[in-house]
Amino acid sequence: MSGNGVVKKVADAAAKAGKAIDWDGLAKLLVSEEARKEFATLRRTFEDVNHQLQTKFSQEPQPIDWEYYRKGIGSKVVDMYKEAYESIEIPKYVDTVTPQYKPKFDALLVEMKEAEKASLKESERIEKEIAEMKEMKKKISTMTADEYFAKHPELKQKFDDEIRNDYWGY
């Protein structure tokens, strides 16, 4: 594969990656105005680079018109350059890094998904607890002990046990 073929593959991969990114979804996650500005700059830069890859590097190069140069320079020098040009062999890139790190990356992705699930579960629990605290805050000044113990039976059991065992905290 020629060097240009590799560049074309890179350009195609960049185009696919650009389409796979949920820019609007990511933008919704940003909180501060500064973060939004930085994100917009990142997106513009990504699109500029992607556009350059699609236009500049995805085209086949113009073939060299050796006859044109033979007329102006002389055939001996041109033949020497043509021979040198044709003898250039661009080595094919062999990826030895990805196979090493792909399993580690996949394991991290799984770990990240699990951490995300745990985080969402914990967020739900905390949100529920916050809602309960807000409710409690509203009612605390008029709440009776029976109402409180109805919501927290474990505390009622603890106090009843202490009273039954004649333990008064001193």
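Brief remarks on what is shown
- Filter result for ALA15 (at pLDDT below 65, farther than 27 Å from GLU89 by Cα and assigned to a helix (DSSP H, G or I)): yes
- Residue check, ALA150 of a type in the set (A, V, I, L, M) and over 48 Å from the mean Cα position of the chain (by Cα): no
- Residue within segment 55-69 that is farther than 30 Å from ALA84 by Cβ, open to solvent by 100 Å² or more (accessible area, probe 1.4 Å) and not small (Gly, Ala, Ser) present: no
Residue-wise test of (1) touching a Ser or Thr at 6+ places or on another chain (Cβ under 8 Å); (2) part of a helix (DSSP H, G or I); (3) farther than 30 Å from PHE159 by Cα; (4) open to solvent by 100 Å² or more (accessible area, probe 1.4 Å).
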position	(1), (2), (3), (4)
VAL77	no, yes, yes, no
PRO91	no, no, yes, yes
TYR101	no, yes, yes, yes
LYS104	no, yes, yes, yes
SER119	no, yes, yes, no
ARG125	no, yes, no, yes
ALA131	no, yes, no, no
LYS138	no, yes, no, yes
THR142	no, no, no, yes
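- Some residue of segment 161-169 being among the aromatic types (Phe, Trp, Tyr), in a helix (DSSP H, G or I) and on the phi < 0 side of the Ramachandran plot: no
The values are calculated or read from the model by the stated rules, or taken from the named source; none is laboratory data. Everything numeric in this text was worked out from a predicted model, so none of it was measured. Backbone-built Cβ (ideal geometry, glycine too); neighbour counts: all protein chains shown. Note: areas computed on protein heavy atoms with side chains; ligands, DNA, RNA excluded. Shrake-Rupley method; radii C 1.70, N 1.55, O 1.52, S 1.80 Å.
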